[in-house]
Amino acid sequence: MTDQIRRAIDDSGLTRYRIAQDTGIDESALAKFYHGTRGLSLDNLDLLCEYLGLRIVAECKAKKKGS
C-alpha cells in the first residue's frame with residue numbers, strides 16, 4: 001500500500017513540500033515516509049489519501065470450511 005501512495009505522490013505532479021503545506025502533514029515526516037524510513041500516523045495517512053484522491057479498499061477472502 002505504501003508503494004501505491006508513493007506512486008500517487010509522484011503521479012500528482014506536486015512537490016512533497018506543496019502536499020505537506022496543503023495537508024498540514026509535517027514536511028520532514030512526509031519525506032521520511034516517502035523514502036521508507038518512517039511510517040505516517042493513520043490520521044496523516046487519511047489526510048494524504050483524501051488529498052490525493054485515493055481510496056483504500058479491503059478485499060476479504062472467505063475462509064474454507066474446517067480451516
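The values are calculated or read from the model by the stated rules, or taken from the named source; none is laboratory data. Please read these numbers as outputs of a predicted model, since none were measured by experiment. Because the Cβ atoms are built from the backbone with ideal geometry, glycine has one as well, and the counts that use them run over all protein chains shown. Surface areas here come from the heavy atoms of the whole protein model, side chains and all, with no ligands, DNA or RNA. Shrake-Rupley method; radii C 1.70, N 1.55, O 1.52, S 1.80 Å.
Residues that are without any contact (Cβ under 8 Å) to a residue 12 or more places away in the chain and surrounded by 12 or more Cβ atoms within 10 Å (Cβ to Cβ) within the stretch 40-56 comprise just one, D46. Residues in the stretch 1-39 that are closer than 17 Å to G53 by Cα, open to solvent by 50 Å² or more (accessible area, probe 1.4 Å) and assigned to a helix (DSSP H, G or I): 10 in all.
Just checking, how many residues over the stretch 13-38 are on the phi < 0 side of the Ramachandran plot and either touching a residue at least 12 places away in the same chain (Cβ under 8 Å) or among the acidic types (D, E) (or both)? Lay out the reasoning, then the answer.
So the first thing to find is which residues in the stretch 13-38 are on the phi < 0 side of the Ramachandran plot, and the list is 14-23, 25-35, 37-38.
Retained after the next criterion (residues that are either touching a residue at least 12 places away in the same chain (Cβ under 8 Å) or among the acidic types (D, E) (or both)): 16, 19, 22-23, 25-27, 29-31, 33-34.
So the count comes out to 12.
If you take the residues in the stretch 40-67 that are among the polar types (S, T, N, Q) and outside any helix (DSSP H, G or I), which one is nearest to the chain's Cα centre (by Cα)? In this case the residue turns out to be S41.
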